[in-house]
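Novice: First, the structure itself, so that you have it in front of you.
Please treat every number below as a calculation from the coordinates, not as lab data. Being a predicted model, the structure only gives us computed values, none of them experimental. Heads up, the Cβs are rebuilt from the backbone with ideal geometry, glycines too, and the neighbour counts pull from every protein chain shown.
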Amino acid sequence: MAHSSSQSAPLDNQFAVSSGRKMFGNIMTALVFSCVAIAAIPLVSILFMVITKGLGGLTPAVFTDLPPAAGVAGGGFRNAITGTLITCLIGALISVPFGVLTAVYTIEFGRGNKLSQFVSFCTNILSGVPSIIAGLFAYGIVVLATGTFSAVAGGIALSVLMLPIIIRTSEEGFKSIPRDTRLAATGIGATNFQSVTQIILPAAMPFIATGVTLALARAAGETAPLLFTALFNQYDAKSIWEPTATLSVLIYNFAISPYKNQQALAWVAALIVVLLILVVSILARIVSRRKVY
Amino acid sequence: MTSLTTAPAETLIDSSTKFQPERQINQIFRWLTIALAVCVGLVLLWITYSLLLIALPAIRTFGLGFLTNSTWNPVEEIYGVFPQIYGTILSSFLALLFAVPLGVGVAVFLTENFLPPKILTPIAFIMELLAAIPSVVYGLWGIFVFLPAIRPILQGINRAFGWIPFFSTTPGGRHLFGASLVLAIMILPTIVAISRDTMSSLPPQLRQGSYGLGATRWETITRVLVPAGLSGIIGSVMLALGRALGETMALAMLVGNANNANISWFSPASTIASLIANQFGEASGLQKSSLFYGALILMVLTLLVNILAQMVVSRFQQVE
Amino acid sequence: MNPSTRPNSASDTLENNDIVIRTENVSIFYGAFQAVRNVFLDVPKNNVVALIGPSGCGKSTLLRCYNRLNDLIPGARVEGKIAYQGVDLYDPKIDPVEVRRRIGMVFQKANPFPKSIYENVAFGARINGFKGNMDELVERSLRGSALWDEVKDKLKESGLSLSGGQQQRLCIARTIAIEPEVILMDEPCSALDPISTLRVEDLMHELKKQFTIIIVTHNMQQASRVADMTAFFNAEATEGGSRFGYLVEYDKTYNIFNAPKQQATQDYVSGRFG
Ligand SMILES: Nc1ncnc2c1ncn2[C@@H]1O[C@H](COP(=O)(O)OP(=O)(O)OP(=O)(O)O)[C@@H](O)[C@H]1O
Ligand SMILES: [Mg+2]
């Protein structure tokens, strides 16, 4: 390489960076800037297309109507919007208490012990489980057992994906609380339960809320785990024990459909999902700013 | 010694031994958290077990030959996932090939103050946002925007370099190469985020020391910072690989779902995850069981990659 | 608290009645390491007892044993007997939570809860099952810690918004509010300015009418100003090279500072130490 020879440059030359070294620097800088440019093109394109194509089809009917048949103009996907909200809610109802209490154990009761190390390991592994496998799992334990595709099955699949996110952010929240605060609570005779529920949890709340919103943001866009659990429904699901339409599955179905009207709706649904995620992520940022410590 | 006052003393024992709901609650609470913590481990086992249960008939019928067999024939009930394993690994490999240099470049760009923070912060934010965009949206974009856009370019490559086996087929509407490129875009934010965290958490003495010896910025980056953060970068690559291997929707929508292992990157292919997504709806009996067998293979594959990634990343953290 | 918990048996001698905590041959270990060796120390009721000595001689370690806060440190172990009003604190039947409700603690570093000033004081009382008028208790405790006038208009503000000295007095108020019988203080003034320090010291004179106080301090003047009794600890190296702390001398504060029986005490209090 050009720059390596300059290391033995004589003393009087030291103040001037040799031209070879300078060139190397310039080339690398140019490379890095082109990396950013190359990375930026598709990313900007995605955002641009989602916004323009999505806005183009955005009508009030989208929120009030049911999905149209092939080739029929108009229509919307109100069932998919409620379906996404319901499956995400079910996922959160399972994963939030589960995750937060697990973090209570790993940080408050068993910090550093064998079981909490094992749990941390499992959490990391769980976060790497492919989402489609979470779907197959929920299919195996819910759909087969109940004999029907349902929002519950979808929610359970999503909860598997949300759980590690919630455990991790809750752990971070608990870790952010100084040891002194725990000692203070113990020192005036609080039981572990009292100090956790009344001091630690409230103080860690911004972290937990951030984790919940991040997990929801992820769940809202997940498709693979819902394909064989919530499935899809042309109509409004009448209960959580029925096949349920979701935005993400609708995008998939309509994207691979040959009909222009359905493809157009896929873009609108994509816009709404992205907006949903954007709002939730911004919310997470705002919440996480309100840290107590 | 004479005894001390006894009246209050008894109450300490009394209050310690008499029934108090809060003491009970505390115990129950403690056990509840232990039980849930244990359950996190059990969930992993449970997932594996429930896959195994349904996959069992296929495992019994095909054994390990399932991995090397290229037939997927529902009529004769013969199944094998060799093309899918090939497609899964090749698409992930191609995605890494593009995403790693790009991602490390962007991470360097974001940590080494090439531009003022005012510009860098929004770029970092956009990267984070992109990590949150659902894969089905990437798939949608791939179908209608990206694949049509690169098609002429790939056709040009095919005309010029068609003698190279990798480019030997004329690119149609969907192909492994295009799907891999989209996959690369999808895993880019993961690589950027972790590499960036690694680089910015390096001790400042490293940088100062290197500058102090008269190294230029780029000599510092390439010879000091990147080597020092290497295990963190490798960890990020492994995690991204884990994600790429399991990615379903974008591939199911873009890869073309052809059941063959073609040497040419420009031909349609299939991955384990895309196979499951495509076939599951109509599958039953041995076919469904075979899909679960495939899922089990995918699970083991990602598990290995992720455990390896954990080890690399945690080793970096210890060194830190 | 229940008035019957106060010692009032007339049949006991005054001397016996007076001892709240009796430390008999106590040694404290962290794993295999012996931090404190063979301490005998009796704490009389309504007194301020100061623990002084060079850094690392185990003052905090001993203090934390009095309300079983060492239970939280993995590997910490106590040998010998610590009797609180005649009951062994380490009796397996004893619930450490009950111990801490009677023997409160103020820490070296002010550590208010991330709650309002009001809630900081009310929290302890509430978890201890206090049923009376909370506003009154909060005011009484804040007055007791000489903080009331400074915070009475901003009780809803976060305890973390106060200055360091105010935070420490808030922590004292929080401890008073649970109405313990003994208050342990681990260098409560080490992070305070001289004026806040004087306030806390005045406070101790007030508090000892109601409570018994054990205080760890590095400030000799402070010990001589506030303490009725003073215990001087020292650290000594064993053959193995590790250091253990032990009680050198325990006497009326006046005697410790003016007529110590041990040479080491003399050296330490006159600043000719080490
Ligand atoms: N949590 C712990 N684990 C292990 N050893 C400890 C722990 N806390 C204290 N020690 C050791 O016990 C000995 C006594 O420590 P302690 O904190 O009680 O001293 P101290 O007299 O309070 O000192 P200082 O005046 O500096 O506060 C020291 O040698 C210390 O290293
Ligand atoms: Mg100390």
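Novice: Take each complete run of DSSP H in chain A, measure how far its Cα atoms stretch along the helix's own axis, and keep only those covering 27 Å or more with mean Kyte-Doolittle hydropathy at least 1.6; list them. List each step's numbers first, then the result.
Specialist: On the way: long enough: A:19-57 (56 Å, 1.41); A:78-103 (36 Å, 1.46); A:151-175 (34 Å, 1.10); A:201-221 (30 Å, 1.31); A:260-289 (44 Å, 1.64).
Span-like helices in chain A: A:260-289.
Novice: Sticking with this structure for a sec: Looking at chain B as a GNM with Cα springs under 10 Å, which of B:Thr17, B:Thr170, B:Thr88 has the largest mean-square fluctuation?
Specialist: B:Thr17
Novice: Continuing with this model, one more query. If Rh is defined by the Kirkwood formula over all Cα pairs and Rg also comes from Cα, what ratio Rg/Rh do you get for region C:30-176?
Specialist: My calculation puts Rg/Rh at 1.01.
Novice: Specify the inter-centroid distance of region B:126-203 and region C:131-190, based on alpha-carbon positions, in whole Å.
Specialist: 62
Novice: Evaluated at 4 °C with a viscosity of 1.567 mPa s, what Stokes-Einstein diffusion coefficient in µm²/s does region A:83-144 have when Rh comes from the Kirkwood expression over alpha-carbon pairs?
Specialist: Here the translational diffusion coefficient equals 97 µm²/s.
Novice: Relative to the longest principal axis of the C-alpha atoms of chain B, give the angle of the C-alpha long axis of helix B:285-319, reported between 0 and 90° and rounded to the nearest 10°.
Specialist: 60
Novice: Could you check what % of the DSSP bridge pairs in the protein assembly as shown are antiparallel, to the nearest 5?
Specialist: Here the antiparallel bridges make up roughly 60 percent for the protein assembly as shown.
Novice: Additional query: Starting from one equal scatterer on each C-alpha and no solvent at all, send me the Debye-based log10 I(q)/I(0) for chain C at q = 0.09, 0.13, 0.15, 0.16 Å⁻¹, two decimals.
Specialist: Listed by q, the Debye log ratios stand at -0.42, -0.89, -1.17, -1.30.
Novice: Expressed in nm², what is the orientationally averaged projection area of the convex hull enclosing the Cα positions of the protein assembly as shown?
Specialist: 48.9
Novice: While we're on this one: Viscosity 1.567 mPa s, temperature 4 °C: Stokes-Einstein D of region A:135-231 from its Kirkwood Cα radius, in µm² per second?
Specialist: Result for D is 85 µm²/s.
Novice: Let me ask something else about it. Report the equivalent ellipsoid semi-axes for region B:41-192 in whole Å, largest first, defined as the square roots of five times the eigenvalues of the gyration tensor built from alpha carbon atoms.
Specialist: They are 36, 26, 14 Å, listed largest first.
Novice: Grab the eigenvalues of the alpha-carbon gyration tensor for region B:1-121, scale each by 5, take roots, and send me the semi-axes largest first in whole angstrom.
Specialist: With the √(5λ) rule applied to region B:1-121, the semi-axes are 60, 36, 11 Å.
Novice: While we're here: When A:Leu31, A:Leu227 are ordered from fewest to most other Cβ atoms inside 10 Å of their Cβ, what list results?
Specialist: A:Leu31, A:Leu227
Novice: Still on this structure, I have one more. Report relative contact order for chain A in percent, whole number only (criteria: Cα-Cα under 8 Å, sequence separation at least 6).
Specialist: Relative contact order of chain A: 24 percent.
Novice: Run a plain Debye calculation on region B:259-316 (Cα atoms as equal point scatterers, no solvent) and give log10 I(q)/I(0) at q = 0.27, 0.31 Å⁻¹, rounded to two decimals, same order as the q list.
Specialist: -1.02, -1.13
Novice: P(r) for region B:144-238, please, calculated from all Cα pair distances in 10 Å bins and given in %.
Specialist: Reading the bins upward from 0: 14, 28, 19, 23, 14, 2.
Novice: From the mean inverse distance of alpha carbon pairs (Kirkwood) and the Cα radius of gyration, derive Rg over Rh for region B:186-302.
Specialist: Using Cα coordinates only, the ratio equals 1.22.
Novice: Once you keep just the Cα pairs under 8 angstrom separated by 6 or more residues, what percentage relative contact order results for chain B? Numbers along the way, then the final one.
Specialist: Values: 396 pairs, mean separation 84.3, N = 320.
About 26 percent, as a whole number.
Novice: Also: Summing -39500 (n - 2.57) over the DSSP H runs of n ≥ 4 in chain A and dividing by its residue number, what mean residue ellipticity at 222 nm do you reach, to the nearest 500 deg cm²/dmol?
Specialist: Counting only the DSSP helices, I get -22000 deg cm²/dmol.
Novice: Now a separate question. Can you tell me the Rg and the Dmax, both Å, for the Cα atoms in region C:136-270?
Specialist: Over region C:136-270's Cα set, Rg and Dmax evaluate to 17.6, 59 Å.
Novice: Using alpha carbons only, how many degrees (0 to 90, rounded to 10) separate the axis of helix C:134-144 from the longest principal axis of chain C?
Specialist: 50
Novice: By counting other Cβ atoms within 10 Å of each Cβ, how are C:Met204, A:Met162, B:Met249, B:Met311 ranked from fewest to most?
Specialist: B:Met311, C:Met204, A:Met162, B:Met249
Novice: In chain C, what percentage of the DSSP-assigned beta bridges are antiparallel, given to the nearest 5? Kindly include the intermediate steps, with their values, before the conclusion.
Specialist: Numbers: 28 of 47 bridges.
Counting only bridges with both partners in chain C, antiparallel ones make up about 60 percent.
Novice: I would also like to ask the following. When N counts the residues of region B:219-287, how does its alpha-carbon radius of gyration compare numerically with 2.2 N^0.38 Å, as a ratio?
Specialist: 1.67
Novice: Taking all pairs of distinct Cα atoms, average 1/r, flip it, and tell me the Kirkwood hydrodynamic radius of region C:212-274 in Å to one decimal place. Present the calculation step by step, with values, prior to reporting the outcome.
Specialist: Details: mean 1/r = 0.0805 Å⁻¹.
Kirkwood radius, region C:212-274: 12.4 Å.
Novice: So what are chain A's ellipsoid semi-axes, whole angstrom, largest first, if each one is the square root of 5 times an eigenvalue of the alpha-carbon gyration tensor? Mind dumping the intermediate values first?
Specialist: Details: eigenvalues 338, 252, 61 Å².
Computed over chain A, the values are 41, 35, 17 Å.
Novice: Near C:Lys131, which aspartates and glutamates are there with a Cα under 17 Å away, not counting those fewer than 8 places off in the same chain?
Specialist: Output for C:Lys131: B:Glu22, C:Glu119, C:Glu139, C:Glu179.
Novice: At q = 0.19 Å⁻¹, what log₁₀ I(q)/I(0) does a Debye calculation on the Cα points of region A:15-100 give, no solvent, two decimals?
Specialist: Ignoring solvent entirely, the Cα scatterers give -0.97.
Novice: With chain C treated as a Gaussian network of Cα nodes joined by springs under 10 Å, which of C:Gly58, C:Gly241, C:Gly75 yields the largest mean-square fluctuation?
Specialist: Ranking C:Gly58, C:Gly241, C:Gly75 by mean-square fluctuation puts C:Gly241 first.
Novice: Beyond 26 Å, what percent of the Cα pairs of chain B remain?
Specialist: Taking all Cα-Cα pairs of chain B, the fraction more than 26 Å apart is 61 percent.
Novice: Let me ask another. Around C:Ala173, with a cut-off of 11 angstrom between Cβ atoms, what is the net charge of the other residues, counting Lys and Arg +1 and Asp and Glu -1?
Specialist: Counting the neighbours of C:Ala173, the net charge comes to +3.
Novice: What ranking of C:Lys261, B:Lys118, A:Lys22 emerges when the number of other C-beta atoms within 10 Å of each C-beta is taken as an exposure proxy, fewest first? Present the calculation step by step, with values, prior to reporting the outcome.
Specialist: Working: C:Lys261 11, B:Lys118 7, A:Lys22 16.
Arranged by neighbour count, lowest to highest, C:Lys261, B:Lys118, A:Lys22 become B:Lys118, C:Lys261, A:Lys22.
Novice: Just to be sure I understand: of the beta bridges DSSP finds with both ends in region C:93-218, what percent are antiparallel, rounded to 5?
Specialist: 10
Novice: Okay, next question. If you fit an axis through the alpha-carbon atoms of helix B:21-62 and take the longest principal axis of the Cα set of chain B, what angle between them do you get, 0 to 90°, nearest 10?
Specialist: Roughly 30 degrees between the two axes.
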